[in-house]
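To start, the structure under review is shown below, and the notes come after it.
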Amino acid sequence: MAEPIISVQDLVKNYGSFKAVKGISFDVMEGEIFGLLGPNGAGKSTTLEIIETLRPKTSGKVFVDGMDLDRQAAEIKKIIGVQLQAAGYYPGLNLYELVQMFAGLYNQKVDPLELLDTVQLRDKAKNKFKQLSGGQKQRFSIATTLINKPKIIFLDEPTTGLDPQARRNLWDLIREIKSRGTTVILTTHYMDEAEFLCDRIAIVDAGNIISLDTPDQMIDDLVATGFERPKQVKMANLEDVFLHLTGKTLRDI
Ligand code: ADP
Ligand code: MG
């Protein structure tokens, strides 16, 4: 982790007279997992979609792997992996055929079964996307981001709505993707997830970055102000109970 692979400088996005992103700047380092956290409407998805070349910005500069978004959007597209909206998965095709189709679009040689294996979906190769559970859909959509062997993948709320087992399974998958050298930029509303996964996070509120650091440093800084959490009386929480009772293995494989 040394060089910034993404550099966002004074990025502004207005929707008409509404200011959704108000001049934010941040760098994402090569090989890190970078998280954007913030309440609904903070401007996280807007920011991601601008970097992904999917949404025009109002002003500011964005560089991805040294390339200028204003001049080299087509080249940027080639080195990034983006999750599609569900509507992008042609209803007539099964998972195997969808991977084949995307590989064709990206001009990549990909063994669909091998790719489906990495997200534990080999057995579902003949299923349609709509026949998958929520966790399986997320796993499949993460797999599709990998087809063009990207340097960076973008995951917008990858674990929203999933059960605790599926969430943890995706954490493992995201860490594995990072361990192969891929940079990951994600959004989440789960603070345990951000703490577990992210090397650094930016907290976004109403279009501004209000804090940017490692999760550890942010917590230390808060504690240094004299903040104290109300005394924790129990040694476990309800999620511990749930996982103890139902186990950690995925149900929907
Ligand atoms: P987040 O992902 O942090 O929840 P978004 O980036 O989706 O936030 O949205 C930021 C703000 O911009 C919200 O107030 C949202 O309503 C508004 N917004 C998003 N997309 C559009 C759009 N296409 N047209 C107008 N307003 C939009
Ligand atoms: Mg969003």
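Scanning region 1-33 for residues that are open to solvent by less than 50 Å² (accessible area, probe 1.4 Å), more than 15 Å from ligand 1 (Cβ to nearest atom) and part of a strand (DSSP E or B) gives ILE5, ILE6, SER7, VAL28, MET29, ILE33. Go through the residues of region 146-163 one by one and say whether even a single one is over 27 Å from ILE76 (Cβ atoms) and in a helix (DSSP H, G or I). No; the residues of region 146-163 include none that is over 27 Å from ILE76 (Cβ atoms) and in a helix (DSSP H, G or I). Applying a threshold of 6 Å to beta carbon distances and a minimum spacing of six or more residues, or different chains, the list of pairs starting in region 143-163 at a residue that is more than 14 Å from LEU116 (Cα to Cα) and touching a residue at least 60 places away in the same chain (Cβ under 8 Å) and ending at one that is among the charged types (D, E, K, R) and open to solvent by less than 20 Å² (accessible area, probe 1.4 Å) reads PHE154/GLU52.
Count of region 185-239 residues, restricted to those that are assigned to a strand (DSSP E or B) and out of contact with any Pro (no Cβ under 9 Å at 6 or more places or on another chain), is 9. Looking only at region 218-248, how many residues end up being open to solvent by less than 70 Å² (accessible area, probe 1.4 Å) and either on the phi > 0 side of the Ramachandran plot or in contact (Cβ under 8 Å) with a residue 40 or more places away in the chain (or both)? Residues that pass the stated criteria total 5. Taken over region 34-45, the criterion of being under 19 Å from VAL184 (Cβ atoms), of a type outside the set (A, V, I, L, M) and near ligand 1 (Cβ under 8 Å from one of its atoms) is satisfied by GLY38, LYS44, SER45. None of TYR89, TYR96 is free of Cβ contacts under 8 Å to residues at least 60 places away in the same chain, aromatic (Phe, Trp, Tyr) and open to solvent by 40 Å² or more (accessible area, probe 1.4 Å) except TYR96.
If you go through region 173-194 and keep only what is modelled with pLDDT of 95 or more, buried (at least 16 other Cβ atoms within 10 Å of the Cβ) and more than 15 Å from ligand 1 (Cβ to nearest atom), you end up with ILE174, ILE177, LYS178, THR182, THR183, VAL184, GLU193. The residue pairs whose first member lies in region 45-65 and is on the phi > 0 side of the Ramachandran plot, whose second member is open to solvent by 40 Å² or more (accessible area, probe 1.4 Å) and in a strand (DSSP E or B), and whose beta carbons are closer than 6 Å, counting only pairs six or more residues apart or on different chains, are GLY60/GLN9; GLY60/ASP10. Looking across region 2-24 at every residue that is among the small types (Gly, Ala, Ser) and either within 16 Å of ligand 2 (Cβ to nearest atom) or in contact with a strand residue (DSSP E or B) (Cβ under 8 Å, 6 or more places away or on another chain) (or both), the one that is nearest to GLY41 (Cα to Cα) is identified as ALA20.
Just one of the listed residues (LEU250, LEU245) is in a helix (DSSP H, G or I) and either touching a Gly at 6+ places or on another chain (Cβ under 8 Å) or at pLDDT below 95 (or both), namely LEU245.
In this structure, PRO215 does satisfy being closer than 30 Å to LYS248 by Cα, modelled with pLDDT of 95 or more and open to solvent by 10 Å² or more (accessible area, probe 1.4 Å). In region 49-66, the residue that is nearest to ILE153 (Cα to Cα) out of those that are within 16 Å of ligand 2 (Cβ to nearest atom) and open to solvent by less than 60 Å² (accessible area, probe 1.4 Å) is GLU52.
The values are calculated or read from the model by the stated rules, or taken from the named source; none is laboratory data. Just so we're clear, the structure is a prediction, and the values are computed from it rather than from any experiment. Heads up, the Cβs are rebuilt from the backbone with ideal geometry, glycines too, and the neighbour counts pull from every protein chain shown. With ligands, DNA and RNA removed, areas are computed over all heavy atoms of the protein, side chains included. Shrake-Rupley method; radii C 1.70, N 1.55, O 1.52, S 1.80 Å.
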